[in-house]
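Structure first, then comments.
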Amino acid sequence: MFLPRFCLLSIAATTIAGLTLLGCQKAVAQSGEHRAGAESSSGEERRPNRIQFRYVPPQNPRHEHVYKHVQDKFALEKIQKLFSPFRLPIDLTVKTIGCDGRSNAWYQRAVVNLCYEYLDLIWQSATPEETTAAGVTPIDALVGQFFYIVFHEFAHAMFDVLRIPVFGSAEDAADQFSTYMMLHLGKNDARRLISGAAYSYRNSVQSTAAFVPLKAFSDMHGFPAQRFYNLLCIAYGADPTAFAYVVAKYLPEDRAAYCKQEYQEVAFAFKTLIDPHLDQGLTKQIMNKEWLPPQNTEPLED
């Protein structure tokens, strides 16, 4: 019996397609098993207490006082403690280093780098000599800005290591992560930390108008004044009572009306994307701890 050529071709094609389908199904099944195994392995490897730290001796003698101060105050040990609840697949390191005159902080390849130049800038020019009319103490400004910067860089680290999706500007998301973290370090500490962090932007909001070159709009970071208002808006949205002064003195009412919604969006993102990676027992310990010294303490020493 002879079949027409087109029938033979049709049978051959059907046979090949069937074999291919079976092969694809097997490959997909194996791939699924491999992914499940990888995820399981990755899940087993994730654990808390994976933050390391280093105080790198500065090359510039002018930074010796900063190097000594951050060690005396156990600055990096506190950061290690703050991020100990995060269950990570690898170790992360935070270190203070000299940056050849550059005032900067950044995250790269599982390391958060904090320049002595940046810390010295906060120390020398971004803290008041005495408590301000708004109630910001020198300690509040120093610690608030330090936490705000470090939390911002650790946000980039978490987005990277935990593969957290960011829909929009990574810099804005890092600011929001940082603000949310500070807001959950106790109500009293939260108000002082937020006010201290906001103090760094004081020069950017002194005038009712701002004039900047067009190139400034290309920067990946928001303008200082924008970051100031975003910081205060999220704080006010979280606790309108504790941060009532924000609307009275700084935040326009038409922006304040939406701050609760803005905070809820940040809180939803954090709880959905970050909370699953936290050790809840350690988190409670961190949130119940006082991170700032009592107010009315002695002024900063040089």
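None of the figures in this text is laboratory data; all of them are computed from the coordinates on show. Just so we're clear, the structure is a prediction, and the values are computed from it rather than from any experiment. Backbone-built Cβ (ideal geometry, glycine too); neighbour counts: all protein chains shown.
So the values come out like this:
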quantity	calculated
Potential extension, Asn188-Gln59 segment - 0.36 nm per residue separation minus Cα distance	42.6 nm
Loop-located chymotrypsin sites (Phe, Trp or Tyr not before Pro) in the stretch 159-190, at most 11 other Cβ atoms within 10 Å (DSSP)	Phe167
Peptides ranked, highest mean first, by Cβ atoms within 10 Å: ranges 146-152, 81-87	146-152, 81-87
Prolate/oblate/rounded label for the stretch 49-287 (Cα gyration tensor, a/c 1.5)	rounded
Cross-link pairs beyond the 27 Å C-alpha cut-off, checked among Lys68/Lys289; Lys95/Lys289; Lys215/Lys271; Lys73/Lys284	Lys215/Lys271
Contour minus Cα-Cα distance for Asp275 and Ser103 (0.36 nm per residue)	58.7 nm
Positive-end extreme of charge dipole, the stretch 49-287 - chosen from Ala225, Val94, Thr132 (charges on Cβ)	Val94
Potential extension, Glu130-Glu45 segment - 0.36 nm per residue separation minus Cα distance	25.8 nm
Sparse-neighbourhood loop sites, GluC sites (Glu not before Pro) in the stretch 95-201 - DSSP loop, at most 15 other Cβ within 10 angstrom	Glu129, Glu130
Trypsin sites (Lys or Arg not before Pro) restricted to the stretch 119-193 and DSSP loop, no more than 15 other C-beta within 10 Å	Arg163
Simple Cβ-charge dipole of the stretch 49-287, Lys/Arg +1 and Asp/Glu -1, about Cα centre, in debye nearest 20	360
Ascending count of other beta-carbon atoms within 10 Å, so fewest first, for Met158, Met182, Met287	Met287, Met158, Met182
